[in-house]
Amino acid sequence: MSANPPDDGEGHPWTAVTAESYANALSDPVRRTVLFHLKNEHVASFDELVDVVIATQPSRAPEADEERSRVGNALFHLHLPKLELLGVVDWDPNTRVVELRANPARLTEWLDVSLAERVHGATGANDGRGTEASGGIAVLFVEDYDPLASVVVERFETDHADITVTTASNADAALEALESTAFDCIVSDYDMPGSNGVDFLKAIRRVDDSVPFVIYTGKGSRETRTEATDHGANAYLQKRGGVGQFDLLADRIRQVVTEHRGNAATGA
């Protein structure tokens, strides 16, 4: 794994944060989620952060109100005061606004390392591929919109039986899947709560530079496509209306997996 990024230096308007403070801040999954959100937005309301944390965690409470209360209390009394004490954010309980104090570029480096370390422990991404021996393709589909994830599973079972789809609602859930299962291809949405698809891609590429990775997103900007390609995406596919999009996705998955298997066979 890569060494920790250096401490923040001087000469910029952001607060200098030590390596020890970054490591402490990122040692908890809730704080990591908050900081993934803030590295892009820089400022967020308390309620916004509660929504983001809930969206990236499986519900533990029998009722939605109980879950929101649990997450809110943990953020208000534990995580946000801790992040402020470490110098990473400004947290005002009166206005209920959180503002990033750390250098976003340096924070991004630390978040990349933190996520890559967790990927490193998820052996499925590094080990032998899932269903190659049988000629099938095992796909990990990372998508936070549950109805779309369910439709993809159903359509592939009906029309593309050679491709087996396992779903995960975010990067954390994807890492849990990778701990126990080897996949031939990863397909990820871009815009998700917490770490986005390119954050996840960058972490995967730090550990496995060859597993086929497809960004499948409704965020169809040139900047997003360039960012995904620059960080090692094998394909970038924009979501469209109609069931034909799933046939196109299946074809693209087969294409990148076939290319990968061919390169592996020839040692390329």
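The values are calculated or read from the model by the stated rules, or taken from the named source; none is laboratory data. The shown structure was predicted, so the numbers you read here are calculated from the model rather than taken from an experiment. Ideal geometry is used to build each Cβ from the backbone, glycine not excepted, and the neighbour counts take in all protein chains shown.
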Residues Lys219, Lys239: which one is under 28 Å from Arg155 (Cα atoms) and in contact with a strand residue (DSSP E or B) (Cβ under 7 Å, 6 or more places away or on another chain)?
Lys239
The range 205-222: number of residues that are under 24 Å from Leu148 (Cα atoms) and part of a helix (DSSP H, G or I)
1
Please work out which residue is surrounded by the fewest Cβ atoms within 10 Å (Cβ to Cβ), limiting yourself to the range 231-251 and to residues that are among the charged types (D, E, K, R) and at pLDDT below 95.
Arg240
Does Val97 count as touching a Leu at 6+ places or on another chain (Cβ under 6 Å), of a type outside the set (D, E, K, R) and modelled with pLDDT of 95 or more?
no
Which helices (runs of 4 or more DSSP H) does the range 18-77 wholly contain that include 3 or more residues that are within 15 Å of the chain's Cα centre (by Cα), farther than 20 Å from Tyr190 by Cβ and modelled with pLDDT under 95?
none
Can you confirm whether Arg96 is in contact (Cβ under 8 Å) with a residue 12 or more places away in the chain and either in contact with a Gly (Cβ under 6 Å, 6 or more places away or on another chain) or basic (Lys, Arg) (or both)?
yes
Looking only at the range 204-230, count how many residues are farther than 24 Å from Ile163 by Cβ, surrounded by 18 or more Cβ atoms within 10 Å (Cβ to Cβ) and among the small types (Gly, Ala, Ser).
0
When Arg254 is run through (1) touching a helix residue (DSSP H, G or I) at 6+ places or on another chain (Cβ under 7 Å); (2) part of a helix (DSSP H, G or I), the failure sits at (1)
Name the residue that is surrounded by the fewest Cβ atoms within 10 Å (Cβ to Cβ), counting only residues in the range 145-176 that are closer than 19 Å to Arg205 by Cα and touching a helix residue (DSSP H, G or I) at 6+ places or on another chain (Cβ under 7 Å).
Asp172
Can you tell me which residue is surrounded by the most Cβ atoms within 10 Å (Cβ to Cβ) among those in the range 178-199 that are hydroxyl-bearing (Ser, Thr, Tyr) and out of contact with any Lys or Arg (no Cβ under 9 Å at 6 or more places or on another chain)?
Ser188
